[in-house]
Amino acid sequence: MPRYFCENCGFSNSLDKNLYFCPNCGDPLTIIYNDDELKANFSGSGVWRYSDVLPVNKDEKVSLAEGNTPLYKSLRVGSEAGIRELYIKNEGMNPTGSFKDRGMTVAITRAIERGFKSVICASTGNTAASLAIYAARAGIKGYVVVPDGAVALGKMAQARAAGAHIIKVRGNFDLALQMVKDFARESSDAYLVNSVNPFRIEGQKTVAYEIIESIGEPDWITIPVGNAGNITALWKGLNELKRLGKIEKLPKLLGVQAEGASPIVKAFNSDNKTIEPVASPSTLATAIKIGNPASWRRALKSVRESRGAMIKVSDDHIVKAQYLLSSKEGIFVEPASAASVAGLLNALQSGLIRKDDVVVSIVTGNGLKDPDSVSRFESLEITVGSDENLLYSVIAQ
Ligand code: F0G
């Protein structure tokens, strides 16, 4: 049977308890399979196509048709940067507009299977939106704990619309996460569905399965990193695919953090075994404004094992990449997602990624999540009265 496993200290336990953290060392737990449990009779589409490697009761699944997101071939951004083959995996096309839905469908299914009537998370916004919508779908209560004043408009709108209980913390995401972790240690009244929940990681790993089924293995995959659950899930999925014989060579991972919130990059560059949390993280990419990522150890392990890298990008580069994606590819993403492409462009310039490498950049959230972010783009708007000549002259320019 699949079981909980601590990658840090080797603790393991059957799945018949509701565990998140290792009782010995406190690290988030992973779910592992023996070789004979890892099966690949895939059918259908989306996250549940990979039911064989999702350890929950499929008869009770809570789903809104997540996954099966488009993998676009880049038409301009890649070629203008001189790269041979760039693909963009648009996770913003999930039901609530972010990759969180892949993990949420599995975690909420597990919550129902275990008889929970409430679910809770801390969030910079997207997890909250996803939790709220999936809790509504499941007919259970949702509680979201968010940093007051630091969540993008569209995400709050989704949480409100779905009738979630919204708890605003006077502090940042790291404080909110600490609060829900403390809560989960003391109480079993609500199931914790942050990415420290191993079932969330199980759902999120399916992005790796989809990429590999579409184009085989790329040389690099670039991905934004905040709390570091998603890069952990991506690497887990890729390793399972290798064990299943679906790929021969593992891609390298490029994890990208925002400059003002980059404790994992610092640890990577200094060969450190631990991170130094950033007390006051700052970036306009609010989704990844995280100073003390819960899954930092697994993120470091993933990029090191893959022989990839962790790099940071400035807010300026994030805004430029966001505009490039929307104006040159027709792919409108939120700022945190654009970090993935900003990181790729930096890595191409530094020679870390080569021009003949095949690259997939994962973009994680829809641009509509953060409509205010477009105020940073140069605008082509004019206001006209009834003077048609003005209209003609603008178009003739
Ligand atoms: N991109 C977006 C759009 C996100 O919302 C997040 C995380 C990330 C990237 C980073 O993923 O945390 O797994 O490394 N958002 C979380 C939230 C923290 O609460 O919505 P990660």
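What whole-number distance in Å separates the alpha-carbon centres of the stretch 276-332 and the stretch 1-61? After rounding, the separation between the Cα centres reads 27 Å.
With protein chains left intact and a 1.4 Å probe, residues in the chain average 42 Å² of accessible area per residue. Comparing Ala150, Ala287, Ala321 in a Gaussian network model of the chain, where Cα atoms under 10 Å apart are tied by springs, the biggest mean-square fluctuation is seen for Ala150. Report the calculated FRET efficiency for Ser79 and Ser379 (r = Cβ-Cβ distance, R0 = 35 Å), to the nearest 0.05. Result of the calculation: an efficiency of 0.85. Taking a ≥ b ≥ c as the square roots of the Cα gyration tensor eigenvalues, with a/c under 1.5 meaning rounded and otherwise prolate when a/b beats b/c, else oblate, which class fits the stretch 36-164? In terms of gyration-tensor shape, oblate. Relative to the longest principal axis of the Cα atoms of the chain, helix 229-243 runs at roughly 70 degrees.
Around Asp174, with a cut-off of 12 angstrom between Cβ atoms, what is the net charge of the other residues, counting Lys and Arg +1 and Asp and Glu -1? Kindly include the intermediate steps, with their values, before the conclusion.
Numbers: positive: Lys181, Lys289; negative: none.
Net charge around Asp174: +2.
When the square roots of the Cα gyration tensor eigenvalues are ordered a ≥ b ≥ c, the ratio a/c for the stretch 270-382 is 1.5 or more and a/b does not exceed b/c, which makes its shape oblate. Taking 31 Å as the cut-off for C-alpha to C-alpha distance, list the pairs among Lys73/Lys369; Lys246/Lys369; Lys73/Lys155; Lys17/Lys39; Lys61/Lys328 that go past it. Lys246/Lys369; Lys61/Lys328, as the Cα separations exceed 31 Å there.
What you get for the chain, charging only the Cβ of Lys and Arg (+1) and of Asp and Glu (-1), is a dipole of about 760 debye around the Cα centre.
Grab the other residues whose beta carbon is less than 11 angstrom from that of Asn126, score K and R as +1, D and E as -1, and report the net. Mind dumping the intermediate values first?
Values: positive: Lys100, Lys155, Lys369; negative: Glu91, Asp101, Glu334, Asp370.
Within the 11 Å Cβ shell, the charges total -1.
The stretch 106-157 and the stretch 165-200 have Cα centres spaced 10 Å apart. Less than 5 angstrom separates the built amide H of Gly365 from those of Gly92, Glu334, Ser337, all sequence-distant by 5 or more or on a different chain. Taking only protein heavy atoms and a 1.4 Å probe, the accessible area of the stretch 133-183 is 53% carbon and sulfur.
Other residues whose C-beta falls under 12 angstrom from the C-beta of Ala162 contribute a net charge of +4, scoring Lys and Arg +1 and Asp and Glu -1. Angle between the Cα long axis of helix 315-324 and the longest principal axis of the chain, 0 to 90 degrees, nearest 10? Rounded to the nearest ten degrees, it is 70.
Taking the Cα centre of the stretch 229-361 as origin, work out the dipole magnitude from +1 charges on Lys and Arg Cβ and -1 charges on Asp and Glu Cβ, in debye rounded to 20. Before the final figure, lay out the partial values.
Numbers: 19 positive and 12 negative charges, 116 e Å.
Using only the charged Cβ atoms, the result is roughly 560 debye.
Just so you know, the Rg over Rh for the chain is 0.97, from Cα atoms, with Rh as the Kirkwood radius. Compute the helix-to-body angle for 296-306: its Cα long axis versus the longest principal axis of the chain, expressed 0 to 90° and rounded to tens. Taking the Cα atoms of the chain, the angle to 296-306 is about 80 degrees.
Contact order, relative form, for the stretch 68-191: 21 percent (alpha carbon pairs under 8 Å, 6 or more residues apart, mean separation divided by residue count).
The values are calculated or read from the model by the stated rules, or taken from the named source; none is laboratory data. Here the structure is a predicted model, which is why all the values come from computation and not from measurement. Note: ideal-geometry Cβ built from the backbone for every residue, glycine included; neighbour counts use all protein chains shown. Ligands, DNA and RNA are stripped out before the accessible areas are found, and what is left, the full protein with its side chains, is counted by its heavy atoms. Shrake-Rupley method; radii C 1.70, N 1.55, O 1.52, S 1.80 Å.
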